[in-house]
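See structure below.
The values are calculated or read from the model by the stated rules, or taken from the named source; none is laboratory data. Keep in mind that what you see is a predicted model, and the values were worked out from it rather than measured. Here Cβ is always computed from backbone atoms with ideal geometry, including for glycine, and neighbour counts include all displayed protein chains.
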Amino acid sequence: MSKSHSLLFSEIKIGSLTLPNRIIMGSMHTGLDHTDDPYNRLAAFYEERAKGGVGLIVTGGVAPNEQGLISPGATILNKPEQVDSYRIITEPVHAAGSKIIMQILHAGRYAKQADLVAPSAIRSPINKFEPREISHDEILQTIEDFANCAELSQKAGFDGVELLGSEGYFLNEFTAERTNQRNDKWGGSFENRTRLPLEIVRAIRRKLGSDFFIQYRMSVLELVEGGWNIEEAQRFATELESAGVDLINTGIGWHEASIPTIAMDVPRAAFSWATGKIKEAVNIPVAAANRINTVEVAEEILQRGDADMLYMARPFLADSDFVNKAKEGHSNEINSCIACNQSCLDNLFNNKTVSCLVNPRACHETVYPPLPATDKPQKIAVIGAGAAGLAFSIEASKQGHNITLFESGSTIGGQLLHAHKVPGKEEFDELLRYFQVMLDKYTVNLQLNCRVDAGQLEAGNFDAIILASGIKPRELDIPGIKNSKVLSYEQVFSAPEKVGQRVIIIGAGGIGFDMAGFLTHSKSNDTPVQTFNKNWGIDPTGLGEGGLASNPAKTEKPSRDVTLLQRKAGRFGKTLGKTTGWIHQIELQKRGVQMIGDLNYLKIDDAGLHIEQDGKKQLLPADNIIICAGQESQDELTESLSNITQQVYRIGGVKEARELDAAQAIRDGIQLAYSLGLKQ
């Protein structure tokens with residue numbers, strides 16, 4: 001264990017639990033509850049993380065009653081006959097040496113079902129279903145349901161429960177004036193609005209005694225109008241402590257808030273200062289959450305005294321061995337969460353099983369079990385060190401294959417080298433770092449600045465050839481496209497200083513939005529957290545309503561005038577990530593980026609871009625026109641390889657040209673490596 005991580009790996013006693021380190025694997029919706037074998041798949045998911053060294057695991061949300069279900073078919077624990085199914089989860093986790101607690105989640109007005117209830121009949125802006133106001137008698141029954149669920153969880157072998165009272169779910173809806181407009185004992189004053197969660201804690205204590213572990217995830221910064229401020233949050237924290245809560249976990253923001261809280265744009269540990277405010281108010285341990293993805297950041301939070309523990313969720317999607325690697329001094333080998341949301345939250349909100357861009361095995365442990373070393377190692381050539389080629393090379397090398405990775409450029413990364421230059425996407429550096437460490441660890445023979453041809457491949461006597469040479473910008477058929485004003489996105493990312501003041505971007509997909517953000521970004525002398533707070537209107541003292549600034553700072557006008565174009569009609573940003581696209585749209589709107597659609601491109605000349613819209617021709621003056629309008633496969637070898645080997649495989653952009661899709665590229669590489677391993 002590194003001395004610099006002394007607090008992180010120090011033992012801590014919380015209530016009845018003694019934990020070997022300060023890391024909690026936080027609760028995550030995985031979508032595994034909607035698969036054909038939910039409990040065994042969940043067991044495999046949690047067991048692998050327990051073996052990875054995490055001391056305490058929190059499950060995804062489990063409803064205490066039918067009304068609390070987040071969606072039809074989601075997990076519920078309200079009957080004794082369900083207990084055995086949950087033992088399938090707890091037993092392997094305990095056998096691996098970890099503790100596990102169950103999160104009790106009542107969805108309230110966020111429930112994706114017709115019969116939903118809330119403190120008041122106020123529909124959430126992110127849910128089509130309108131709740132009805134829960135009655136007094138139903139509230140009393142709900143308190144009993146929570147206590148019953150906790151008792152059943154104890155019988156199922158869980159070491160305690162976490163009550164979810166943040167992010168705008170049911171318990172949080174009661175504590176906030178925004179959603180609680182009742183005039184009975186459950187609404188109105190602060191005491192009345194906090195009555196329900198406190199009564200639930202007391203009911204669980206009465207039923208299960210002082211030794212039963214209770215953790216509460218409370219809302220600290222609500223980031224919505226009608227939410228409480230930090231002083232009220234502190235007051236509630238002291239009430240939770242008095243009611244018998246063992247640990248407070250700090251939630252940030254509501255799901256309907258128009259401020260990002262866990263996306264890549266959010267600086268690391270952006271909200272730990274708010275957790276520190278809660279720690280000042282109570283004597284029980286407090287856990288910080290949100291955008292804590294490295295060992296170094298986690299230790300810094302502890303050293304500053306902002307928290308006693310770290311509540312880290314998605315980092316355990318990215319790397320199940322996070323804790324063991326860090327404890328053993330190999331933190332450089334951790335596959336870091338880059339907070340892209342592309343395979344986790346985007347999958348979840350598209351009704352797909354959660355995974356992870358940097359680790360496609362996440363939540364698919366039974367689909368991709370660890371493979372033994374091969375007894376028939378192959379000599380394999382991989383063409384292209386982009387995401388797909390890197391993922392395949394590392395996974396195949398783990399199995400014992402002899403890999404030579406050819407890359408025409410001077411460094412690894414391919415299209416990832418563009419992504420990490422976009423402001424707010426610097427976390428892609430972590431992925432590039434990890435790939436390089438793994439190439440070295442598994443002794444992949446990396447050949448940079450090498451544009452390999454069929455003759456070299458034939459001379460190398462390879463058993464298999466993997467084409468992963470990626471994509472290149474698609475060339476458009478517009479008169480004047482060769483004008484010196486016209487640049488590809490690759491040229492701009494390589495030399496942004498050559499771009500003039502008036503810019504037109506053709507193509508409003510992910511690359512177009514990234515390019516607009518890249519060209520309109522203004523540097524600041526503030527810290528990343530200070531810049532983020534100003535940009536998104538967060539009160540750094542937390543004293544504003546909902547933690548919001550009363551007079552948000554205005555975004556400075558960027559040095560360039562940028563116009564984003566798309567040929568088709570309709571809303572811009574349709575192809576962006578479901579949970580992050582809105583962030584990029586708001587950012588560009590703040591910076592004055594114009595967006596024009598439903599048009600035809602006529603020609604390009606020295607004056608700019610000529611277009612036709614609504615039957616009218618017009619000129620859009622420009623110093624530069626940047627093409628971000630799609631890609632095509634970059635494959636010059638396929639036809640010449642048929643006489644070399646029958647084992648020729650295409651992965652990533654060579655297999656299917658699409659927008660810069662690192663998730664699919666990495667998944668292609670991993671899947672191919674597994675298929676080769678299964679053939680041995």
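For region 320-355, the set of residues classified as within 22 Å of R667 (Cα to Cα), of a type in the set (D, E, K, R) and out of contact with any helix residue (DSSP H, G or I) (no Cβ under 7 Å at 6 or more places or on another chain) consists of D321, D346, K352, listed by residue number.
For region 616-644, name all the residues that are β-branched (V, I, T) and either surrounded by fewer than 19 Cβ atoms within 10 Å (Cβ to Cβ) or at pLDDT below 95 (or both). Can you show your working first?
Step one: of region 616-644, the residues β-branched (V, I, T) are 625-627, 638, 644.
Within region 616-644, T638, I644 meet the criteria.
The set of residues in region 120-166 that are part of a helix (DSSP H, G or I), more than 27 Å from D84 (Cα to Cα) and of a type in the set (A, V, I, L, M) comprises I139, L140.
Out of region 17-44, which residues are within 27 Å of F170 (Cα to Cα), of a type outside the set (A, V, I, L, M) and part of a helix (DSSP H, G or I)? Result: D33, H34, P38, Y39. The helices (runs of 4 or more DSSP H) located wholly in region 201-312 that include 2 or more residues which are assigned by TED's automatic domain parsing to the domain that holds G52 and polar (S, T, N, Q) occupy 230-243, 272-281.
Report the residue count in region 336-364 for those that are among the charged types (D, E, K, R) and within 22 Å of P423 (Cα to Cα). Matching residues across region 336-364 total 1. Checked against (1) within 30 Å of I134 (Cβ to Cβ); (2) over 22 Å from the mean Cα position of the chain (by Cα); (3) not acidic (D, E), S27 passes all but a single condition, namely (2). Among the residues of region 45-54, are any of a type in the set (G, A, S), surrounded by fewer than 22 Cβ atoms within 10 Å (Cβ to Cβ) and either out of contact with any Ser or Thr (no Cβ under 9 Å at 6 or more places or on another chain) or outside the structural domain of L19 (by TED's automatic domain parsing) (or both)? Within region 45-54, none of the residues are of a type in the set (G, A, S), surrounded by fewer than 22 Cβ atoms within 10 Å (Cβ to Cβ) and either out of contact with any Ser or Thr (no Cβ under 9 Å at 6 or more places or on another chain) or outside the structural domain of L19 (by TED's automatic domain parsing) (or both). Out of everything in region 557-573 that is buried (at least 19 other Cβ atoms within 10 Å of the Cβ) and under 27 Å from N350 (Cβ atoms), what residue ends up being nearest to the chain's Cα centre (by Cα)? Looking at residues that are buried (at least 19 other Cβ atoms within 10 Å of the Cβ) and under 27 Å from N350 (Cβ atoms), I get G573.
Mind checking which residues of region 602-635 are in a loop (DSSP other than H, G, I, E, B) and under 30 Å from R650 (Cα atoms)?
We begin by selecting, within region 602-635, every residue in a loop (DSSP other than H, G, I, E, B); these are 606-607, 614-615, 622-623, 628-630, 634-635.
Within region 602-635, C628, A629, G630, Q634, D635 qualify.
L576 fulfils the conditions (1) of a type outside the set (S, T, N, Q); (2) crowded, with 17+ Cβ neighbours inside 10 Å; (3) assigned by TED's automatic domain parsing to the domain that holds E497; (4) assigned to a helix (DSSP H, G or I) except for a single criterion, (4). None of E280, E231, E256, E222 is touching a Ser or Thr at 6+ places or on another chain (Cβ under 9 Å) and within 22 Å of T541 (Cβ to Cβ) except E222.
Note on region 71-111: residues that are at pLDDT below 95 and not small (G, A, S) amount to 1. Please pick out the residue among E91, E66 that is touching a Gly at 6+ places or on another chain (Cβ under 8 Å), in the same structural domain as I214 (by TED's automatic domain parsing) and acidic (D, E). Among E91, E66, only E91 is touching a Gly at 6+ places or on another chain (Cβ under 8 Å), in the same structural domain as I214 (by TED's automatic domain parsing) and acidic (D, E).
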